[in-house]
1. Within 10 Å of each residue's Cβ, count the other Cβ atoms and sort Val52, Val150 from fewest upward.
2. I need to check one value: relative contact order of the chain, counting alpha carbon pairs closer than 8 Å and at least 6 residues apart, in percent.
3. Could you let me know the centre-to-centre spacing of segment 108-126 and segment 19-49, using Cα atoms, in angstrom?
4. Which of the GluC sites (Glu not before Pro) found in segment 113-165 are loop residues per DSSP with 11 or fewer other Cβ atoms within 10 Å of their Cβ?
5. When the gyration tensor of the chain is built from Cα positions, what are the square roots of 5 times its three eigenvalues, in whole Å, from largest to smallest?
6. For every other residue with a beta carbon closer than 13 angstrom to the beta carbon of Gly174, add +1 if it is Lys or Arg and -1 if Asp or Glu, then tell me the sum.
7. Any idea what the dipole of segment 2-297 comes to, in debye rounded to 20, about its Cα centre with Lys/Arg Cβ at +1 and Asp/Glu Cβ at -1?
8. Among all the aspartates and glutamates, which ones have a C-alpha under 12 Å from Lys238's C-alpha, if same-chain residues fewer than 8 places away are not counted?
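Since every read-out is calculated from the coordinates, none of them should be taken as a lab result. For clarity, every value in this text was computed on a predicted model and none was experimentally measured. No Cβ is skipped: glycine too gets one built from the backbone with ideal geometry, and neighbour counts run over all protein chains shown.
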Amino acid sequence: MTDVCLCFEVHQPLRLRKEFFWGGSPMRRIEPDQLSDFYFDDPENRRIFDRVAEKCYLPTNEIILEEIRRRQDSQRPFKAAYSFSGVFLDQCDKYNPRVLESFARLVDTGMVEVMEQTYHHSLASLYEDEREFAEQVKMHRERVWDAFAVRPRIFENTELLYDDRIARIVEDMGYAGIFAEGIIAPPNHLYRPEGCDRISLLLRDYQITDDMGFRFSARWWNEYPLTASKYASWIAAKPGECVNIFCDYETFGEHQWADTGIFEFLRHLPSEILRWDHLSFKTPSDLARDHPPLQIVSVPKTTSWADIERDTSCWLGNTLQWACYTYHRRLEGPIKEGGDPHLLETWRTLGLSDHLYYAFTHGGGPGEVHNYFSPYGTPYDAAVTFFAVLADLHHRVKSWASAAEDPFLFSTGIDEFTGDSAWGRRTLKGAVAEVEIESLEYHTQRGDLAAWARESLADEKLAEGLQQAEGLRGEDLRAALLGALSEAGTGSGSDQRGGRGRKKGAAAGGRVKR
């Protein structure tokens, strides 16, 4: 038997206001709760969502539901799986609840599996610090539960971003399987990721997926026109125990318009596949349960399903993209220190991979695909807009959040960093409670904490309290530092700034320029 696993990714980006920079919006006075409307083009996002809902989501869901019900009581039922971004589910609630209701009806049949991903369809899995990635996955898990009352067991990272490290993180989160692009091994088997003990690696069969997703209406293609019968015969001839077809849901009706025949193709596909006695439909969880891994596969370098390169270059392949990505990453610490939910949610929404995708400058076929999805005239317009929004957000952070000029990076010696950092009282208190005593002793003996609080955070009261703990050791030291932080106040920064400029040469990374 060969199991056919039909999976769909469902995501809609939140597009920025294209004239944000050129229209003179940066640095205008607004309140934190106005950030979303200030940065994002809500009318355009609504217009596009409603268009795709009518062209794709609602009619495609109707076909899928009909085909599921047609075979629900048979020995070989029709099954499918979906991966929804959290921002897509939010847009359903905001713009067109009928769309979410139609997806819920699919899930309620028991023949549709919902997979996990990052809430904001972000590149958070690439961050050295795993905590933001874990937080976005947790947010997504809760959002899926609210929408469908299910707990996902299979993980599909943003655009199938995958490597050994990501697999280990996802296994530690408790998932039974993770998807990757089928370039790392023959895609019609299951594998075990290097360094993992339990999680199964499922591979997307990109060739047969792209036959439907990209080449379906291509008249230059020597297989045009593609019929459901022909497609099913290709699947039937595949070796191995599974065929994983994984495409954007917008393939149906949006990328491939209704007049191409894509809906009739989809309507007949389940019947044509099940004409073959050795084929059956399974969900990703079914595959992970039924098929043992063929072998261990090592993927040290990150792969994805994007472009010809199938790596991270479609988001991080040029200097413009790296500049925007780096700027966005640098704002994480100050924003989390401030604790403002509007700033944090805005920062996370700016982490959507789409913003970097639009700034892709390579030409050729990949460039045409990027331009097709981009709301901008050129990738340079995309980069200017994104960078201008990040700079404006930076301005808001400086105005609204009390954070240091530079983070305090904990270490146990020269160039021996622990990975812990602090941007102010809030995050310093959390770090002091958790870091190893060896690190606290190292910094207090050098006077690093007090110097950083005084020079980079401009918090004299806290600096004096931290200085009094110098000379202590062990848990007495930790208790004294926590006591100093509590006595200084529960806020995230100094109450004494009052227009004072910070000194130069602030302590960063536990080092003080003397």
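1. On the way: Val52 19, Val150 14.
Going from sparsest to densest Cβ surroundings: Val150, Val52.
2. On the way: 905 pairs, mean separation 79.9, N = 514.
The normalised contact order for the chain reaches 16 percent.
3. A separation of 27 Å, based on Cα centres.
4. Glu128
5. Working: eigenvalues 444, 137, 77 Å².
Taking √(5λ) for each Cα gyration eigenvalue gives 47, 26, 20 Å.
6. Numbers: positive: Lys138, Arg141, Arg151, Arg153, Arg168, Arg198; negative: Glu116, Glu171, Asp172, Asp197.
Net local charge, Gly174 excluded: +2.
7. Values: 36 positive and 51 negative charges, 117 e Å.
The calculated dipole for segment 2-297 is roughly 560 debye.
8. Cross-link targets: Asp3, Asp205.
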